[in-house]
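Rule-based calculations on the coordinates, nothing more; no lab input. No experiment lies behind these values; they were computed from the predicted model shown. Ideal geometry is used to build each Cβ from the backbone, glycine not excepted, and the neighbour counts take in all protein chains shown.
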Amino acid sequence: MTEPILSRNFNVPNAWKLSVAGPRGAYETARKVLLAMKPEEIVQTVTASNLRGLGGAGFPTGKKWQFLPKDNPKPVYLVVNADEGEPGTFKDRYILERDPHQLIEGIVLSAFAIRSHKAYIYIRGEYVEPYQNLKAALDEAYAENFLGKNIFGSGWDLDLVVHRGAGAYICGEETALLNSLEGGKGFPRLKPPFPAIVGLFGCPTIINNVETLACVPHILKNGAEWFANLGSPGNGGTHLFSVSGHVKKPGVYELPMGTPLRQMIYTHAGGIRNDRALKAVIPGGISAKILTAGEIDVKMDYDGLKAAGTMLGSAGVMVMDETTCMVKMLLVAAKFFAHESCGQCSPCREGTGWAYKVVQRIYSGEGDLRDLDTLLKVARNMEGRTICVFADAAAWPIQSYITKFRKEFENYILNHKKAGAVHG
Amino acid sequence: MANITIDGKPYAVKDGITIIEAIDEAKIELPRYCYHPALSIAGNCRICQVEVEKMPRTVIACNTRVAEGMVIHTQSQKAKESQAVVLEFLLANHPLDCPVCDQSGECKLQDYYMQVGLYDPKFDDVKVKKTKKAFAIGPTIMLDQERCILCTRCVRFADEVTKTHDFGVFNRGDHSELDIYPGKTLDNKYSGNVADICPVGALTDRDFRFKMRVWYLGSQASVCPGCSRGCNISIEYEKSRPYHLKEERIMRLKPRENPEVNKWWICDEGRYGYKPVDFGRLKTLKTNLNGNTAPFDWKAALEEIAVILKSAHPHRWALAASPEYTNEELYLQKKIFLDELKWNHVGFKAPGQEGYEDSFLMKADKNPNSAGAAQILGLEAGREVLTPIVEKAKRGELEGLFIFAHDLAKIYGAETLALVRKNVKTIIFEGPNQNATSDAADIVLPSASYAEKDGTFTNFEGRVQRIRKAVEPLGGSRPAWEILLELAGVLGMDLSYARPEFIFSDLAKENEAFGGLTFKQIGPAGRVWNKK
C-alpha cells in the first residue's frame, strides 16, 4: 500500500480545522494553480489522470467537464453531491467530517477549471456532524479568502453554499438533487437534456461526488501520470472503500483501484468475524449485484466488477458470513427500495412496492415457490424502463439474490410455510 | 426533414420532433397516459414504449427525438411487451372498480388493456389503500386517488395552462397521492378540463357523474354559444334511452380540438351552460291577440303576423335581432325586415351584458355571433344598440316590436318592460327560451336552440364556424331559419331554401365578408372571413 492520499488526515485530531489542516498543506495546491494554470490545463490534467466519478457511476470526470457548452452566456454551476445515502457506504462522510478543507480545495480548483463562480454542496440531511464541521471549514475558508472574491489574488471569485437535504435517498440521483436544490420535489429529470447543458436553474451544471473533487488537488499537485499509475488501467487513483458487515475490522479503507476483493476482506479488514465461512459480498452498495463466496477473486475497480456481472458502485463493501439469511437480506433491500422510490415512473413506483410485498409474504411464511418467478418477473419488467436507474438498482438485488441462492429461498419457503397460509 | 420508418412505412417528418409526434402525424395508435400535446413532457407513465432499431432497449416515444434513418416499431413483440408490462404495473394497485366507475367506456386503462393487456394477472397481494375516494375537490370535480395513475396531466394543466397551481403529487413510492394543495379548492374558470385530460377515472365531472354511461351517448360537433370565442365543442346527448332522464337530453359538452380557436379546452361557463337547451324552453305557439288565446297552428300564426307586418308603417315598428342567431338566420332577417319591409329601427346589441374576460379563452361579449350580426345587418357603429329603440317604445313612438330572444326586463329592468308593454300595441317574440318578455308578448313563436339546428356563427376574429343539429327541436319549436322562410313566403317574398347551407351560399354571394366561402370550405376548423 502506498501512502494514504485522501485519508491522510482522517486520523489527525481536529484536521477539519484550518489551524491543523493548513500546516499539513491545505490550499497550497489551489494557491499555486489559480495563479499559474489556465482552466483548460486543469481540465486536460484531470482528463489525463483517468479520474472517474467516485459516486457510483464511474464516468470519467474530465470528459464530463468537457460536455459544458462552449461560448455559453449563462452562469455555470458546480454542484457537489454529498448526499451519500447508498446503504453500506460511508466514505464521503469521512471527508466531510474529518477533512472538509480537502474537499473545499477541490471545489475551488474544479470551479476554476469549469469557469464557475457559484458552487453548491448538497449534503445528506442526516449527516449532522459532517455538516457542522463542513460549515465551520467553509466559514474559515471564507475568512481566509480561500473562497469569496479574488481568491488568492487571482481575480477569481467563487461563492460556495451548503444545502442540507431532507432525507430522500433519490436526491442522491444528480437530477433529483438539482430539483431538490431548486426547492422542488426530488424527482429525477428526463434526460436529455443532460445537466451539463441544462442543469441547475436551467444553466449548465457539473455535478461531482465529494470524493471525486477531493482527488483534484492531489492530481494537480502530483500530476496526472502519478494519479493514473496509482490505480488500474483506465481507473485512476485510489478509492475509499467502506467495508462493513461480518468482518473483524469494518471501516473506510483507502486502497488503489483494482485491489482484489479477497485481499480487501481477508488482509485489510482482518477476515470474517469469529473466523466463520464467507457466504456472500455486496461489492458496491445495496444496489450492486451480490457475489458469492466463490466469486470474490475480482479486482475492485469499475471494469473488474463489471466483468464479474456486478458493479463497483459506491464501493460500499458489505460482507456476509455463513449465518446470514438471504431471504432476510432481500427483505431489507426490497423494503429500502419500496420506501425510497420517488414514485414518478409507474414501473418503479408499483414494482418496488409489489416486490416488497411478495418478499414480506415469503419472509412471514406465507410464500409460495411461484413467488420467486413473480419476483424475477417484476424485477426484469421494471429494469431499464424508467427515467433514472433506481428501478435497475432495485431489480438487481432481487435478481442476484434469488438466482444465486435459489435453493435457499426454496427451502425457506417450504420450511417456513405456515399451516393454513392463504398463499401456496 | 428527417426520413424515418414507422412500422415498415416510410415517412418524411420535421427535424427534431419526438417519435410520438411523428406517430400521431402518421395516425398510428400508440398508448399514452402522461403525454398530452398541450403539456410539457413528463415521461413518467412509461407506456409509450417503442422499439427503435439499433437501440439496446425500447424507448419512450414522447421523449425521444426522431433522427435521420430511424426505424421505429410500435407493434413489434419487443415494443408490445414493453407496453404490456408497464400497463401491468399501472394496474397493480388500481382498484379495478370499473362497474362503479364513471370513466368506464372512455377509460384509457380499459382501452389499452384491450390492446396490450396480459390477461394473466400475477399481482396476488393487498393493494395500497388511499384515502380520498369520491372526494369533491371543488364545485366541478370529484377525485378518486386509488384510480389515479399519477400521470400528472392535471398537475401540469394547472401549472402550465391555468397557472393556478392547484394540484400536487404527495408522498412517495406506491403511496404517492394526487391531491390539491391543503386548504385549497379546485375552483378556477377552466377546472372542468382536468376531467377531460384525466385518462382514467381519478378526476370525474360532478355535473356528468352517474348521469349516463358514455356508450349511450351520441355526439355532434358544434360550437359553444357561450361567448364570442366560439370554442369548438362536441354536444353529447342521450341517443338511445329516452326513458332514462325524461326531461334532459343534453348530457354534457366536451371541448373539441381546434388549434386556431380553443386548442383542447373550454371554460366552465361554456361547459356547464347547456341547461337552457332542455329547460325553460318555449314549446308551443302562443297568442293573446284580440283576446284570442285559443291554440293555433304555425300557418295561421304566420299569416296573422303577415297581415300585421304588411299593414305596419316601417317607421313605427322595430326589430330587435339577436347575436345568438346564426348567420343564415340573420341574413333572412335582413332580407325580410330591412330589404322587404324597409324597417328603419333595427338593433341587436344589448347593453350592459359584458361578462368576464381573460387573455385565454373567455371573451366579454357573451354572444356567439356578434361579428356576424354586425356584418350581415350592416348597421353603422352605434346604431346596433337596442337602447334607442327601447326608448322610443317607452315614449309610445312605436306601434310594434319584433323581438328575437332578448329579455327587455333582464337588460333594462322590469319597469322598462312594463312601460314598453303599456305603450306598444303589438309585441311579437321569437326565441327558444321563456323569459319575462316572452311572457309579455302578444305572439310567441318557439324556436330551436343552437343544439337543434344547423348553421354558422362568426366569432370575434371573423372565423366562420359550423354548428350542427344534435337533437330535434323541443316540443313545437322550429329552427328560426325555417320560421323566417315560412314568414317570407306568407309575405309573398320569393325566398326558398331547403337547408341552411344554401342560405349561406346566397349570403356569401351577397356579402363580401363571406365571399367565396361554402359550408364545405369552412370544414371542421372553421375559416376566417375575407373582411379586412
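A few comments on the model shown:
- Over chain B, relative contact order from alpha-carbon pairs under 8 Å, at least 6 apart, %: 10 percent
- The range B:2-92 shape via C-alpha gyration tensor axes, a/c threshold 1.5: oblate
- Taking GluC sites (Glu not before Pro) across the range B:1-78, the ones in a DSSP loop with at most 15 further Cβ atoms lying within 10 angstrom of their Cβ are B:E29, B:E53, B:E68.
- Isotropically averaged projected area of the protein assembly as shown, using the convex hull of Cα atoms (one quarter of hull area), nm²: 48.6 nm²
- Comparing A:L369, A:L331, A:L278 in a Gaussian network model of chain A where C-alpha atoms under 10 Å apart are linked, the largest mean-square fluctuation is found at A:L369.
- Taking label points 7 Å from Cα along the Cα-to-Cβ direction, B:E501 and A:K32 give a separation of 8.9 nm.
- The ranking of B:H36, B:H345, A:H339 by Cβ neighbour count inside 10 Å, starting from the fewest, reads A:H339, B:H36, B:H345.
- Net charge contributed by nearby residues that have their C-beta within less than 12 Å of B:I503 (K/R +1, D/E -1): -2
- Proxy reagent accessibility, fewest Cβ within 10 Å first, across A:S232, A:S341: A:S232, A:S341
- DSSP beta bridges in chain A [antiparallel fraction, %, rounded to 5]: 50 percent
- Expected 222 nm ellipticity per residue - DSSP helices of 4 or more, -39500 (n - 2.57), all of the protein assembly as shown, to 500: -9000 deg cm²/dmol
- By the count of neighbouring beta-carbon atoms within 10 Å, fewest first, B:Y33, A:Y412 end up ordered A:Y412, B:Y33.
- Net length available on complete extension from B:S104 to B:K129 is 6.9 nm, with 0.36 nm assigned per residue and the Cα-Cα distance removed.
- Within chain B, DSSP assigns beta bridges of which about 65% are antiparallel (rounded to the nearest 5).
- Other-chain or far-sequence residues with amide H under 5 Å of A:V79's (modelled H): A:Y120, A:I206, A:I207, A:N208
- Spin-label proximity, A:V12 to the range A:119-134 - amide N less than 18 Å from point 7 Å beyond Cα toward beta carbon: A:133-134
- Charged neighbours of B:I23, selected by a Cβ distance under 10 Å, balance to -3 (K, R count +1; D, E count -1).
- Taking a Cβ cut-off of under 13 Å around B:L90, the surrounding Lys, Arg, Asp and Glu residues balance to a net charge of +2, with basic ones at +1 and acidic ones at -1.
- Secondary structure note: in the protein assembly as shown, about 60% of the DSSP beta bridges are antiparallel.
- Charge dipole of the range B:2-92 (Cα centre as origin; +1 on each Lys and Arg Cβ, -1 on each Asp and Glu Cβ, all else neutral): 120 debye, rounded to the nearest 20.
- Relative contact order of the range B:382-532, defined on C-alpha pairs under 8 angstrom at six or more residues apart (%): 16 percent
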